[in-house]
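The values are calculated or read from the model by the stated rules, or taken from the named source; none is laboratory data. Predicted, not measured: the structure shown is a model, and the values here were computed from it. Counting neighbours? That spans all protein chains shown, and the Cβs are built from the backbone with ideal geometry, glycine included.
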Amino acid sequence: MESELAQSNRAKAAAPAVGWIGAGKMGAPMARHLLAAGADLVVTDPNAESRNAMAAAGAQVAASLAAQQGRDVVFATLPHDAALRAVILGSADQPGLAALMAPGTVFVEMSTVSPECSAEVARVLEQAGVLYVRAPVSGSTVTAEQGALTVLASGDAAGWELALPLIRAFSTKQFFLGPKEEARFMKLVINTLVGANAALLAEALSLGASGGLSRAAMMEVICESAVSSPLFRYKTGLIASGDYTPAFTVQQMMKDFTLISDAGRANGVPLMASGLVLELYRAAANAGLDEDDFFALIKWHSGISAQ
């Protein structure tokens with residue numbers, strides 16, 4: 001009978017070598033869950049403070065993408081399209097993942113980026129023989145810390161099957177939606193509803209305040225009504241206190257609604273309400289709230305209502 005030590009050594013040998021690119025507010029807790037699950041993890045991040053934090057958690061760390069060479073599965077959480085292109089294509093002084101990753105390895109990109117950029121990356125990675133999984137997440141920094149994110153995936157089905165056991169370390173729900181950019185569009189669908197709900201709530205609370213209601217009282221009733229949602233319940237404390245310390249900023253929501261607007265335009269889908277919501281976030285940003293939580297639309301709207 002195989003000894004426990006032999007079983008352990010065999011399991012380690014079979015375990016994939018994992019890479020992670022981008023250890024920010026969302027990426028860091030996700031990567032820590034992989035470490036807690038025993039992953040052999042190399043983290044690349046340009047920020048020294050982020051690297052130090054991940055090293056303290058037990059990861060191998062590096063500033064250069066070259067550290068990801070030889071990894072079987074590489075995850076990325078990146079801020080925007082330009083960062084994704086740079087990671088895949090590289091630069092004059094640093095090769096990108098398309099040159100570093102071996103055929104048959106898996107790249108899992110978990111950010112909110114445009115379907116157009118994602119399709120460009122897909123073409124490059126297909127030529128390199130890398131299995132590309134689009135896997136943006138739905139959730140907050142709190143759910144990331146809890147390992148309770150929802151993963152919306154599409155792309156290479158074989159890559160998804162290889163990455164799924166790792167993905168389960170930091171998520172509780174996973175949806176595989178199709179072979180191409182379906183996950184990118186699903187993330188934009190969700191963010192359209194999230195951003196619009198905050199905008200509508202801002203107007204509703206201003207109306208209630210004009211009639212003498214407190215935000216705390218209104219949120220208590222709303223969260224027991226037919227329009228209650230996990231989002232509203234999660235944000236109730238922030239709304240009642242007026243403390244808009246960000247989990248997701250106004251600036252980030254503007255970025256996402258720009259992606260939403262561009263996707264609608266590219267596909268011939270009129271998004272008139274979404275266009276108005278984007279303008280509301282822009283107005284809040286211009287009022288100095290760009291780095292506040294996106295529910296600071298409530299603060300912004302109450303300010304203009306009082307004028």
Q) Can you tell which of 226, 217, 183, 199 is closer than 24 Å to residue 290 by Cα and not polar (S, T, N, Q)? A) 199
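Restricted to the stretch 122-145, and to residues that are of a type outside the set (Val, Ile, Thr) and more than 19 Å from residue 175 (Cα to Cα), which residue is surrounded by the most Cβ atoms within 10 Å (Cβ to Cβ)? Please lay out each step first, then the result.
Narrowing the stretch 122-145 to residues of a type outside the set (Val, Ile, Thr): 122-123, 125-129, 131-132, 134-136, 138-140, 144-145.
Checking the rest, the ones that are also more than 19 Å from residue 175 (Cα to Cα) come to 122-123, 125-129, 145.
On the way: 122: 21, 123: 9, 125: 23, 126: 13, 127: 9, 128: 18, 129: 12, 145: 18.
In this case the residue turns out to be 125.
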**Q.** Matching entry among 230, 270, 246 (being of a type outside the set (A, V, I, L, M) and touching a strand residue (DSSP E or B) at 6+ places or on another chain (Cβ under 6 Å))
**A.** 246
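Of all residues in the stretch 250-307 being of a type in the set (S, T, N, Q) and modelled with pLDDT of 95 or more, which is nearest to the chain's Cα centre (by Cα)? Full working, then the answer.
First, pick out the residues of the stretch 250-307 that are of a type in the set (S, T, N, Q): 251-252, 258, 261, 267, 274, 286, 302, 305, 307.
If we keep only those that are modelled with pLDDT of 95 or more as well, we get 251-252, 258, 261, 267, 274, 286.
Values: 251: 14, 252: 11, 258: 16, 261: 19, 267: 23, 274: 20, 286: 25 Å.
Residue satisfying both the conditions and the ranking: 252.
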Q: Look at the stretch 151-173 and say how many of its residues are crowded, with 17+ Cβ neighbours inside 10 Å and more than 16 Å from residue 132 (Cα to Cα).
A: 3
Q) Pairs, please: C-beta under 8 Å, at least 6 apart or cross-chain, first residue closer than 20 Å to residue 63 by Cα and of a type outside the set (Asp, Glu) and in the stretch 28-45, second in a helix (DSSP H, G or I) and modelled with pLDDT under 95? A) 29/141
